[in-house]
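The structure under discussion appears below in the form of structure tokens.
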Amino acid sequence: MDQPPFLLGRGVVVRPGAEVPEAWIRVQAVAVGDQDLRKPDAIVERLHRHWLGREPVVIHLQVDPKLFRRTETWTVEPYELSPRLTPWFDRLHFLVWANNYDVRPDGTYRWAGAEAAVQRLGAGRPPDDRGDILLPDGRAVWVDGGPREPLRESDLGLPVVHWETVEANRLRVMPEPRPSTADLAPDQAAAVAHRCGPARVIAPAGSGKTRVLTERLRHLRVDRDYEKEKVLALAYNVRARGEMEARCADFGPRIQTLNALGYEIVREVRGHTEVLDEVQVRRVLEPLLPPLERRLNTDPLVPYLAAVSGVRQMLRPPTWFEKAGEEVEGLSAAFPRYRAELRSLGAVDYDEQLYAAVEALLRDHELRHDWQKRCRHLLVDEFQDLTPLHLLMIRVLSIPTLDVFGVGDDDQVIYGHAGATPDYLIGFDSYFPGAAHYALRVNYRCPRTVVEAAARLLGYNQRRVEKEIVHGPWAAKGESAFRIVEHEAQEAVSTLLTQVRAWLAKAGVEPRHIAILTRVNASLLAPQVALLDAGIPVHSTLGPALLERTGVRAALAYLRLATAGDAMLSEDLQLVFRRPNRGLAPSFRDVLARRERWSVRGIRAIQVEPRDVPKLKRLFEDLERLQRWSATKSTREMLMLIRSDIGLAKALSTLDVPQHGDLSSHADDLEGLEQAATLHRDPRTFETWLRSVFRRSADPEGVVLATVHRTKGQEWDHVLVYGAVEGLMPHRLALEELEEERRVMHVAVTRGREEVVVLASAERQSRFLDELRGLARKPQPVVPAAPRRPSRPVVSTAPAPSRDVIRPNLGDTLRVRSGHTGVVIFRGDGGVHLRLEAGGNLLVPWGETVWRGQESGV
């Protein structure tokens, strides 16, 4: 046997009764026996290392190969599975035969790749051992069964046809290796030139992530001549797909969003399929639910919509959401009926495109194998934003070779509420074994001081890939490129206006070059009305719908009552008489509805049961106080008194639950309204003024106003981070996800190309300010635990814990035997729900032994 098969990493499969060929006598040997079929993970991982490293191996086949050629299917709901699910036999069958001769007892050799070329494509057989097949032009060539990578004919003695090309029904010779011609920095070029197999590219903000991804795509398709049907780039959203397509228009590769790919698979299985919008989804879902309790200014269907999405994207059973206090009673019964109803309608919703696609791939092995052939090389953008469902789909499609080129930044994971986690990049090797690692180091977008401040901030996070980030050669701007501007609470809006006007006064700066970013939507209210009132155009999605939210409506109703004198509207009284709850029965609303208008004297004269007299007294005393205040207080002072002295904030706090992601908190609504009130002192005309400002149309060329979560991948010359105060950044409802909150701040400050200003209240300084300055004390490092699925824990049996039933409070830290520390995010009758610091969630039933711990984890 000639030397080239060894250079190609070719091994041999020796069946019972056959001899190991002499050329492979000294090659490392492994055996595949019955025990490996029962638990194939170890042998598969070992064979994968040999295949990926082109290390010849002798496989002693001690079982009938038909046993691991059998198909694997999964008929359970995908939410019962993990992103780590592996069709082991798909991989084992491939790795045994992909790049190995089948040695028969008669001493003959057979290799599947060459046989396929002969039988399907009409290739000839060489008369001697020189080469695997003969091309139609008479040339002898090797058929390479190893990982696809650049190979030189001079090293192998013959040209090479790769097995993927044969699989695509072609006999095209691989081109000689040639480098990418793109003008790239060394770190970018190294990633683009990656030889073969899976790869993780850590791409910090401004480091050229999209350029690396598109140039890698060009390198595979153009320089290496990979077949178009074998290479697929996955964009995170439609905007990113459009940008990638524009950069690759000259060679037209396959680029899809994840949802579009899922829809294509579903449509292939089911035929024409309609995608429902939210209004249509509501019509389908609501009849399947228990009767919904209608409460003032609340949408009881919203928790169900979120949970139905979470079941699929996060791969969590409906019972998880029911036990987590998400107000979704009956979800377990409704979820399968909802999916069945979608199927009967020939429709899917947004999440069902992917969920149904994964389900189809797992249930139909032929469909799965066909799609795996179309996804031999996957390039995945924004890898840090993948949900468990996304990752499961990518892994299933990338098997057996797991050739995934994942580009992302663990420091930009800000969608934890949807299941995204830095663990997928941190533990990339465990999902895609044998992966190479590349790190982009240079932030070409931001000024030096911004890069340095962002790096200092990220240094306080522990769950991350360690990295060095430096600024670009032309980004060494003055110290003023990044500033933290502190202000008094009532001067936040005026400080913002001063800064925006200063930027607009500069030559060449237009409103569209400026962005104002906030943590929550309600914080955009004051900047929006301030800019519009000052005649500065804005481009914002925030509309008058904010004024219809529960807290804002109640606060405005109180203002109207305060300034109405003896003509208080009945509908305003009905809106606020239980905010705060004064103990009056709901039927009292009917009493208020008997008149269109009321005076305080009239309220005082209402006849109630003796036990309700003190309750009614509290109501008319509050109304009297409001009307006294309105004579001397400004709008902002009135709103602050309504929030604190009247007790509206405390009443609304019961509606807010610990969470993270793109939050929508009633307390934030009140704060945003108070900030807007600094622009209009008269409480009598405040609401009319506010609504008139909202009637002004948005201008696509105006100053951009957005939450940080809606700006991923975007950048502006001038960025102002508004509302960097404790309680908002980090948000008080997301403190159990402090590292994610820190990443939100990091994403905000790294959107700026020339100047970034962080506005901060002097009274409520965010802890992140000192971290941006590098002045805060860093926590002790901990060893990150491997991510795992939520499960019923075995609690600690170490000495000392009490065996009394522990009923901890929200925010308490508990430790379980796994070594994880979890923060209590929900208490229910069945137990306490923990969010683990290592990722994931689990439920500790009442009566189990747990340890109370400290924030550092005892």
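Cα gyration tensor of region 70-229, axes a ≥ b ≥ c as square roots of the eigenvalues: rounded (a/c below 1.5), prolate (a/b > b/c) or oblate? Numbers along the way, then the final one.
Values: a/c = 2.54, a/b = 1.24, b/c = 2.06.
Taking the square roots of the gyration eigenvalues as a ≥ b ≥ c, region 70-229 is oblate.
Taking amide H as placed 1.01 Å from N in the peptide plane, TRP74 has its amide H under 5 Å from the amide H of ARG363, each at least 5 places away in sequence or on another chain. With R₀ fixed at 51 Å, the C-beta to C-beta distance from VAL302 to VAL30 puts the FRET efficiency at about 0.40.
Label sites at VAL76 and ARG611, each approximated as a point 7 angstrom past Cα along Cα to Cβ, lie 5.2 nm apart. In order along region 556-562, the phi-based Karplus estimate (6.51 cos²θ - 1.76 cosθ + 1.60, θ = phi - 60°) of 3J(HN,Hα) comes to 5, 4, 4, 4, 5, 5, 5 Hz; Gly and Pro are listed as x. Using the 1.4 Å probe convention, the accessible area of region 661-751 works out to 31 Å² per residue with neighbouring protein chains retained.
Each Cα pair under 8 Å and six or more residues apart adds its separation to the average, and for the chain the resulting relative contact order is 11 percent. Other residues whose C-beta falls under 11 angstrom from the C-beta of ASP102 contribute a net charge of +2, scoring Lys and Arg +1 and Asp and Glu -1. For the chain, the longest principal axis of the Cα atoms and the long axis of helix 302-313 meet at an angle of about 10 degrees. Proximity of backbone amide H atoms, modeled 1.01 Å from N, is registered between TRP111 and ASP102 at under 5 Å, excluding neighbours fewer than 5 places apart on the same chain. Out of these labelled values of P(r) over Cα pairs in 10 Å bins from 0, in percent, (1) 2, 10, 16, 16, 14, 11, 9, 7, 6, 5, 3, 1, 0; (2) 2, 11, 18, 21, 20, 13, 8, 4, 2, 1, 0, 0; (3) 2, 13, 22, 25, 20, 13, 5, 1, 0, which was calculated from the coordinates shown here? Checked against the structure: label (2). Residue pairs exceeding 27 angstrom between C-alpha atoms, taken from LYS373/LYS467; LYS39/LYS323; LYS506/LYS633; LYS209/LYS506; LYS39/LYS228; LYS209/LYS230: LYS373/LYS467; LYS39/LYS323; LYS506/LYS633; LYS209/LYS506; LYS39/LYS228.
Using alpha carbons only, the radius of gyration of region 437-583 set against its Kirkwood radius gives Rg/Rh = 1.13. Computed as a quarter of the hull surface, the mean projected area of the alpha carbon convex hull for region 193-340 stands at 13.0 nm². Multiplying the residue separation of LEU735 and ASP183 by 0.36 nm and removing their Cα-Cα distance gives an extension gain of 194.4 nm.
Solvent-accessible surface of protein heavy atoms, probed at 1.4 angstrom with all chains present, puts LYS230, LYS506, LYS323 in the order LYS323, LYS506, LYS230, largest first. For the pair GLU176 and ARG597, the difference between a 0.36 nm per residue extended length and the Cα-Cα distance amounts to 142.9 nm. For region 193-234, the spherically averaged projection of the C-alpha convex hull amounts to 3.3 nm². Residues in region 11-20 carry Karplus couplings, in order, of x, 9, 10, 9, 7, x, x, 9, 9, 5 Hz; the curve used is 6.51 cos²θ - 1.76 cosθ + 1.60 with θ = phi - 60°, and Gly or Pro positions show x.
The helix-only estimate of mean residue ellipticity at 222 nm for the chain, built from DSSP H runs of length n ≥ 4 each weighted as -39500 (n - 2.57), is -10000 deg cm²/dmol after division by the residue total.
Computed from backbone phi, the HN-Hα couplings of region 375-385 come to 10, 5, 10, 9, 10, 10, 8, 6, 4, 5, 9 Hz, rounded to whole numbers (Karplus: 6.51 cos²θ - 1.76 cosθ + 1.60, θ = phi - 60°; Gly and Pro given as x). Across the protein chains, with a 1.4 Å probe defining accessible surface, the residues GLU771, GLU488, GLU763 rank GLU763, GLU488, GLU771 from largest area downward.
Close amide H partners of VAL538, meaning residues 5 or more places away or on another chain with modelled amide H under 5 Å apart, are ASP699, VAL703. Bridge orientation summary for the chain: considering DSSP beta bridges with both residues in this region, about 30 percent are antiparallel. Principal-axis analysis of the Cα atoms of the chain puts helix 613-629 at an angle of about 90° to the longest axis. Could you name the aspartates and glutamates in cross-link range of LYS615, using Cα to Cα under 16 Å and dropping any fewer than eight places away on the same chain? Partners found: GLU624.
The ARG239 and ARG777 beta-carbon pair, evaluated with R₀ = 51 Å, returns a calculated FRET efficiency of approximately 0.80. The charge dipole of region 138-205, taken about its Cα centre with unit charges on the Cβ of Lys, Arg, Asp and Glu (plus for the first two, minus for the last two), comes to roughly 120 debye. Rounded to whole Å, the principal axis extents of the Cα atoms in region 1-74 read 43, 29, 17, largest first. Against the compact-protein benchmark of 2.2 N^0.38 Å, the Cα-based radius of gyration of region 104-170 scales to 1.09. Here LYS617 is the anchor, and the aspartates and glutamates within straight C-alpha reach of less than 20 Å, apart from those fewer than 8 places off in the same chain, are ASP566, GLU571, ASP572, ASP590, GLU609, ASP645. Hydrodynamic analysis of region 607-706 uses the Kirkwood radius over alpha carbon pairs. Inserted into Stokes-Einstein at 20 °C and 1.002 mPa s, it gives a translational diffusion coefficient of 131 µm²/s. Per-residue packing, averaged as other Cβ atoms within 10 Å, sorts the ranges 97-108, 172-183, 213-224, 157-168 into the order 213-224, 157-168, 97-108, 172-183, beginning with the highest. Fully extending the segment from ALA333 to ARG125, taken as 0.36 nm per residue of separation minus the present Cα-Cα distance, adds 68.8 nm. A Förster radius of 25 Å, combined with the Cβ-Cβ distance separating ARG343 from GLN256, puts the computed FRET efficiency at roughly 0.60.
Other residues with beta-carbon under 14 Å from the beta-carbon of GLY124 carry, at +1 per Lys or Arg and -1 per Asp or Glu, a net charge of 0. Quick check: at a probe of 1.4 Å, how many percent of the accessible area of the chain sits on carbon and sulfur atoms? Its accessible area is 49 percent carbon and sulfur atoms.
The values are calculated or read from the model by the stated rules, or taken from the named source; none is laboratory data. On a predicted model such as this, the values are computed, not experimentally measured, just so you know. Reconstructed Cβ throughout: ideal geometry from the backbone, glycine too, with neighbour counts over all protein chains shown. Note: accessible area is taken over every heavy atom of the protein model, side chains too, but ligands, DNA and RNA are not part of it. Shrake-Rupley method; radii C 1.70, N 1.55, O 1.52, S 1.80 Å.
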